[in-house]
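The values are calculated or read from the model by the stated rules, or taken from the named source; none is laboratory data. Every value quoted in this text rests on a predicted model; they were computed, and no experiment measured them. Positions of Cβ are backbone-derived with ideal geometry, glycine not excepted, and every protein chain shown enters the neighbour counts.
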Amino acid sequence: MIDLPAAELRAALTAALSITRWVDDVAAAAPYSSLDELLAVASAAATPLSPAEIDEAMAHHPRIGDKPVGEGAAQSFSRSEQASADADDAELAASLARGNADYEERFDRVFLIRAAGRSRAEILAELRRRIQLDDATELAIVGEQLRDIALLRLEKTFASTVPSVPTDPPERA
């Protein structure tokens, strides 16, 4: 069961996806009987996101390769999501910085990708692929990535609140 005081739930939702309408919609459906129910409502509320909502959320996402500024749940999520085995590769970091600048010039926003579980090399390859896309296609992908990031963050936040399924005790001889 996910049943938190409204302010605590809204803070957790905002750390996952900082879009006022989305937070309102997901909070309004609480309490949740399970994490799966929360994730289903959160996903539906984020599909699709409007261009204005994407802009609202993007204001809270650092560039890939940049350290998040400040402290808080959203910054902690960004730090852990961007951690990768090749994060200290200087040549790769320079390529990402150039790619970020090219992307920002092309689309007038920072490049956003679900970084969790991806290497910097994979992220750079995806940046290079996506910079070739038309504006509408790329905007739709950004909305999908924001939703995916939000769902991963909600899983991390609320997984420990859901009781584990008991297993049968071993049979005795």
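Given the structure, is ALA28 out of contact with any Leu (no Cβ under 9 Å at 6 or more places or on another chain), of a type in the set (A, V, I, L, M, F, W, C) and modelled with pLDDT of 95 or more? So ALA28 passes the test. Restricting to the range 146-173, name every residue that is modelled with pLDDT under 75, under 16 Å from LEU4 (Cβ atoms) and not polar (S, T, N, Q). Matches in the range 146-173: VAL162, PRO163.
Could you tell me how many of the residues in the range 94-109 are under 20 Å from THR137 (Cα atoms) and surrounded by 15 or more Cβ atoms within 10 Å (Cβ to Cβ)?
The first filter runs over the range 94-109 and keeps only residues under 20 Å from THR137 (Cα atoms), leaving 99-109.
Narrowing further to those that are surrounded by 15 or more Cβ atoms within 10 Å (Cβ to Cβ): 99-100, 103, 106-107, 109.
The qualifying residues number 6.
Give the range 116-163 a look and list any residue that's touching a residue at least 24 places away in the same chain (Cβ under 8 Å), charged (D, E, K, R) and over 15 Å from TRP22 (Cβ atoms), or say none. Matches in the range 116-163: ARG118, ARG120, ARG128, ARG130, ASP135, GLU138, GLU155, LYS156.
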